[in-house]
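The values are calculated or read from the model by the stated rules, or taken from the named source; none is laboratory data. Every value quoted in this text rests on a predicted model; they were computed, and no experiment measured them. As a convention, Cβ positions derive from the backbone with ideal geometry for all residues, glycine included, and neighbour counts pool all protein chains shown. Heavy atoms of the whole protein, side chains included, go into the accessibility calculation; ligands, DNA and RNA do not. Shrake-Rupley method; radii C 1.70, N 1.55, O 1.52, S 1.80 Å.
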Amino acid sequence: MNIIIGICGGIAAYKVPMLIRQLKKNGHQVQCVATRHALQFVTPLTLETLSQRSLYCDLFENSNEVSTEHIALKDWGDMIVVAPATANIIGKMAHGIADDALSTLLLAMSAKPRYVCPAMNSDMLHANATQRNIEQLRKDNVTIIESTTGELACGTTGDGRMAEPEDIYKHLIPCHIENLSGKKFLITAGPTYERIDSVRFIGNYSSGKMGYAVAEALAQKGANVILISGPTHLTTSHPNIHCQRIENAQEMYDAATAVFPSCNGAVLTAAVADYRPLHTADHKLKKRDDEGMTLQLVQNPDILAALGQSKGPNQLLAGFALETNDEIENARKKLVRKNLDFIVLNSLNDAGAGFGVDTNKVTFLFPDGKTIENPLKSKSAVAQDIANIIERMLSEQS
Ligand code: PMT
């Protein structure tokens, strides 16, 4: 998931690096947004090194990629957590005040999950104004991750210590409960390159983002994942994901059919070339004057259809359908023909869906005729939905 951490000026900011590490270790992307005061307690270098992303701090900073960075981040983030949350930011959120990068982003993200981890002196926390503001946030669907009792920075003991990073993590990622632990899944991702000669190939625009996100969502639920990846620039460091890199459809077929019998399920997201050149040259083909060139193509094996044929009664199989017309009808035909448990339809007619982008708009189709339409979401949120469907189907099987 794409998680934004909003950091305010409180001593508990020193715990934020541990939260970032835990989120990153579990395969999430983290973007830090800090108030000016937060940087008195934690350095930009620490936050940027751990999150591997530039810190966002000033609405009008020159280094912002676009002047509407907060709007770009609002779309990127699946959720935002404010840790530590001072009385000041809680007050601003409760009253819709947007006067710096963090408060502006929080207002812009009103429709997304927002979490607040209060951290302050007990008297400030229990002041009527703060309690009123916290109550207002609850009414506005903000989740308050309660502070705990203990030693406070001001030297007193009482309520107001920020929740520990591991407890914040459990609130943010309830699905970290490893319900798929002991299960093994096969994922295909990315494009295939079908070689013409030593410098040219037939390929497509797939970046691998959708497939890598599905692999990470399943791994976060504790599953072991074999990710068979076509050529992409993406990498994954999740300990549960074993990545096998291949170049062409035949190699993807060989790897997938070898692994599938030992898997509990598979989700094939790769954009596999349907055809490859009949002949390939091991040198660069020379251009010949005033002559065209004819490439003779032969069909590649359909990996998904082959897995569908060999699928056992306790194995789950899902595929994607990338369509441009008669989308539902075409996707349903693929669902049936390839013997799938569900298919994920994305259409190139939907803005923000399909190749290369960080978002997707999908419809799930099931063999009993059920369809679930979804709004535009980040690819990691779509991947979470897929992992949840798989988890539910497996638990219904057992
Ligand atoms: O990688 P991204 O940039 O994030 O883009 C994501 C995506 C657009 C590639 C992804 O969301 C997607 O739609 N993947 C499927 C693309 C595709 O090839 O669709 P299709 O309708 O042609 O194929 C149907 C299914 O059969 C797919 O699951 C495909 O992986 C599988 N297939 C197709 C042909 C083939 N020879 N073997 C296969 O396994």
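Annotation for region 153-229: GluC sites (Glu not before Pro) lying in DSSP loop with at most 16 further Cβ atoms inside 10 Å of their Cβ are E178. For the pair K286/T324, report the inter-label distance in nm, with labels modelled 7 Å from Cα in the Cβ direction. Between K286 and T324, the label points sit 3.6 nm apart.
Descending by average beta-carbon neighbour count within 10 Å, the peptides 196-205, 275-284, 382-391 line up as 382-391, 196-205, 275-284, the highest first. Ignoring lysines fewer than eight residues from K287 along the same chain, none have Cα atoms less than 21 angstrom from its Cα. The order of the peptides 259-266, 238-245 by mean Cβ neighbours within 10 Å, most packed first, is 259-266, 238-245. Average accessible surface for the chain: 48 Å² per residue, computed with a 1.4 Å probe over protein heavy atoms with every protein chain in place. Expressed as a whole percentage, what fraction of the accessible surface of region 2-175 belongs to carbon and sulfur atoms when a 1.4 Å probe is rolled over the protein heavy atoms? Carbon plus sulfur share of accessible area: 51 percent. Between M293 and D99, full extension at 0.36 nm per residue minus the direct alpha carbon distance yields a gain of 63.7 nm. Among the listed pairs K24/K311; K170/K379; K112/K170; K139/K370, those with a Cα-Cα distance over 29 Å are K24/K311; K139/K370.
With coordinates expressed along the principal axes, the C-alpha atoms belonging to the chain extend over 79, 57, 36 Å, beginning with the largest.
Each of the peptides 95-103, 1-9 was scored by the mean count of other Cβ atoms within 10 Å over its residues; in descending order, highest first, they stand as 1-9, 95-103. Say each of E164 and M393 gets a label point 7 Å from the Cα, pointing the same way as Cα to Cβ; how far apart are those two points in nm? Here the answer is 3.8 nm between the modelled labels. Split the accessible area of region 178-397 by element, probe 1.4 Å, and carbon with sulfur accounts for 48%.
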